[in-house]
Amino acid sequence: MRFILFLIIIASFSGLPAQHADAQQNDRRQIEGLMAAQTSAWNRGDIDAFMQTYWHSDSLLFIGKNGVTYGWQATLDRYKKNYPDTTAMGKLDFQLLEFKPLARDVYFVVGKWHLQRSIGDLQGHFSLTLRRIRGAWKIIADHSS
């Protein structure tokens with residue numbers, strides 16, 4: 001009887017690594033979808049929609065070439081100041097390089113960004129910390145350079 005119980009316990013844990021890998025693949029697809037939504041909004045010239053992928057909180061952290069910006073509204077204002085029209089915004093493209101799970105509902109993502117613009121292209125790298133909040137992935141920290 002103990003041997004049968006032992007086999008049942010072992011069998012119940014044998015699927016955990018596969019379930020974990022499936023969950024990570026699903027997380028990655030959702031985060032890739034978030035980044036695609038950001039790209040689409042930016043390329044439509046819609047900074048307000050672009051910002052919906054960020055955590056709407058005073059604790060949002062954005063680090064750019066001009067220093068640190070705290071909070072969702074301040075980050076939105078920064079984007080609108082630096083990219084006042086579609087000419088300044090250009091067309092955005094991301095290349096996602098690394099996905100690192102830090103915890104069950106937290107990921108670290110590294111990538112490249114490129115803006116194709118008639119006034120001169122811009123490009124750089126970024127690192128994002130994303131957290132699942134109320135079932136949706138949100139960027140809680142963004143370091144873009």
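At a glance:
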read-out	value
Number of the exception - Ser118 against (1) part of a strand (DSSP E or B); (2) open to solvent by 80 Å² or more (accessible area, probe 1.4 Å); (3) of a type in the set (Ser, Thr, Tyr)	(1)
Qualifying residue in the range 101-112 (condition: touching an Asp or Glu at 6+ places or on another chain (Cβ under 9 Å), surrounded by 14 or more Cβ atoms within 10 Å (Cβ to Cβ), among the hydroxyl-bearing types (Ser, Thr, Tyr) and not in a helix (DSSP H, G or I))	yes
Test: residue in the range 64-74 that is polar (S, T, N, Q) and in contact (Cβ under 8 Å) with a residue 60 or more places away in the chain	no
Criterion: open to solvent by less than 80 Å² (accessible area, probe 1.4 Å), modelled with pLDDT of 95 or more, among the acidic types (Asp, Glu) and on the phi < 0 side of the Ramachandran plot - qualifying residue of Asp85, Asp93	Asp85
The range 21-50, residues that are assigned to a loop (DSSP other than H, G, I, E, B) and in contact (Cβ under 8 Å) with a residue 12 or more places away in the chain	Gly45
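Residue-by-condition table, conditions (1) under 18 Å from Asp27 (Cβ atoms); (2) at pLDDT below 95; (3) touching a Leu at 6+ places or on another chain (Cβ under 8 Å):
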{"residue": "Ile47", "(1), (2), (3)": "no, no, yes"}
{"residue": "Phe62", "(1), (2), (3)": "no, no, no"}
{"residue": "Val68", "(1), (2), (3)": "no, no, yes"}
{"residue": "Leu97", "(1), (2), (3)": "yes, no, no"}
{"residue": "Leu128", "(1), (2), (3)": "yes, no, no"}
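The values are calculated or read from the model by the stated rules, or taken from the named source; none is laboratory data. Being a predicted model, the structure only gives us computed values, none of them experimental. We place every Cβ from the backbone using ideal geometry, glycine too, and count neighbours over all the protein chains shown. These accessible areas exclude ligands, DNA and RNA; they are computed on the full protein's heavy atoms, side chains included. Shrake-Rupley method; radii C 1.70, N 1.55, O 1.52, S 1.80 Å.
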